[in-house]
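First the structure, in the form of structure tokens, and then the observations on it.
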Amino acid sequence: MDPDAVAKAFVEHYYSTFDANRAGLVSLYQEGSMLTFEGQKIMGSQNIVAKLTGLPFQQCQHHITTVDCQPSGPAGGMLVFVSGNLQLAGEQHALKFSQMFHLMPTPQGSFYVLNDIFRLNYA
Amino acid sequence: MEEQIEMVGRAFVDHYYHLFDHDRSALGSLYQPSSMLSFEGQKILGVEDISAKFKQLPFDQCLHVISTVDLQPSAVAGGIVVFVSGSLQLQGEDHPLRFSEAFHLIPTGQGSYFLQNDIFRLNYG
């Protein structure tokens, strides 16, 4: 399958899960996964999902502007770089963000997030 | 182990932008034939084409000022993923451009690292 199409499908799935059912993100991470969220380092799917479900907003919507992807090496991984806007319920202005995912293949033919780095883009 | 990744990654980032700003033609030394650059959505493969792309950028002098550097081990043979954000001041321009860049560093086997992956995006306001 075309890597760009795979990356795009993953990104859509990730953000729609984030926006509709944040706890459902647990299936996209594993024990060895790492998240760096605005500089804070978190390891393992349980802790990562605890961080994300604990964020100080109930509702949010991600709007994706750009998706870039590249194969990351012989293990079949993919680096995906996303930029977009994050609209929080009740806030007037959307926040701009960039996020980098390193996806690794699962034996079942899909991908999980091994590395995840999120940063807001301040003006 | 984690401290080492921090040291190596940050040293690499400093070196990369120093070369970019002061000796752009030497940037090619950080890439290999398998390296990939995505520059504002344009995909470029291999040292020659990547070096040519940098050479052709429509400005002579620039200065990168780095705001954030995040690093994680990538589990690909001792690799490191690096996420950088900062400003890019072009000579003669009033306002700096804001950018984000993702790197994937792989050990060369001779004690240093090369860039297997490089993705660059400007952050528009």
Original post:
Given B:Asp14, B:Asp23, which one is under 27 Å from B:Glu93 (Cα atoms), modelled with pLDDT of 95 or more and within 12 Å of the chain's Cα centre (by Cα)?
Top reply: B:Asp14
**OP:** Give the residue that is farthest from B:Phe12 (Cα to Cα), with candidates limited to residues of region B:58-77 that are under 15 Å from the mean Cα position of the chain (by Cα) and of a type in the set (A, V, I, L, M, F, W, C).
**Re:** B:Cys62
Subject >> Among (1) touching a residue at least 12 places away in the same chain (Cβ under 8 Å); (2) under 13 Å from the mean Cα position of the chain (by Cα), the one test that A:Gly24 misses >> reply: (1)
Original post:
Can you name the strands (runs of 3 or more DSSP E) wholly within region A:28-123 that have at least 1 residues being under 29 Å from B:Ser34 (Cβ atoms), within 14 Å of another protein chain (Cβ to nearest Cβ) and in contact with a Pro (Cβ under 9 Å, 6 or more places away or on another chain)?
Top reply: A:29-37, A:60-71, A:78-88, A:111-120
Original post:
How about region A:71-87: which of its residues are in contact (Cβ under 8 Å) with a residue 40 or more places away in the chain and over 14 Å from the mean Cα position of the chain (by Cα)?
Top reply: A:Pro71
Subject >> Residue list for region B:45-88, filter: more than 10 Å from chain A (Cβ to nearest Cβ) and assigned to a loop (DSSP other than H, G, I, E, B) >> reply: B:Gly46, B:Leu57, B:Pro58, B:Phe59, B:Asp60, B:Gln61, B:Gly78
**OP:** Quickly run through region B:55-64 and pick out the residues that are surrounded by 12 or more Cβ atoms within 10 Å (Cβ to Cβ) and touching a Ser or Thr at 6+ places or on another chain (Cβ under 8 Å).
**Re:** B:His64
Original post:
Which ones in region B:93-125 are without any contact (Cβ under 8 Å) to a residue 12 or more places away in the chain and among the acidic types (Asp, Glu)?
Top reply: B:Glu93, B:Asp94
Subject >> Test result for A:Val11, under 14 Å from the mean Cα position of the chain (by Cα), assigned to a helix (DSSP H, G or I), of a type in the set (A, V, I, L, M, F, W, C) and closer than 25 Å to B:Leu71 by Cα >> reply: yes
Subject >> Selection count where residues are facing another protein chain (nearest Cβ under 10 Å), surrounded by 14 or more Cβ atoms within 10 Å (Cβ to Cβ) and not basic (Lys, Arg), scope region B:28-44 >> reply: 6
Original post:
in contact with a Cys (Cβ under 7 Å, 6 or more places away or on another chain), within 14 Å of another protein chain (Cβ to nearest Cβ) and either hydrophobic (A, V, I, L, M, F, W, C) or surrounded by 13 or more Cβ atoms within 10 Å (Cβ to Cβ) (or both) - does that describe any residue in region B:13-23?
Top reply: no
Original post:
Do we have any residue at all in region B:19-26 that's in contact with a Phe, Trp or Tyr (Cβ under 8 Å, 6 or more places away or on another chain) and either aliphatic (A, V, I, L, M) or part of a strand (DSSP E or B) (or both)?
Top reply: no
Original post:
Condition test on B:Ile44, is it at pLDDT 95 or above and touching a helix residue (DSSP H, G or I) at 6+ places or on another chain (Cβ under 9 Å)?
Top reply: yes
Subject >> Selected residue (criterion: farthest from the other protein chains (Cβ to nearest Cβ)) from residues of region B:116-125 that are in a strand (DSSP E or B) and farther than 13 Å from B:Phe83 by Cα >> reply: B:Leu122
Original post:
Which one is modelled with the highest pLDDT, of the residues in region A:58-94 that are of a type in the set (Gly, Ala, Ser) and surrounded by fewer than 16 Cβ atoms within 10 Å (Cβ to Cβ)?
Top reply: A:Ala94
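The values are calculated or read from the model by the stated rules, or taken from the named source; none is laboratory data. A quick note: this is a predicted structure, and the numbers were derived from the prediction, not measured. Cβ sites come from the backbone with ideal geometry, for glycine too, and all protein chains shown count toward neighbours.
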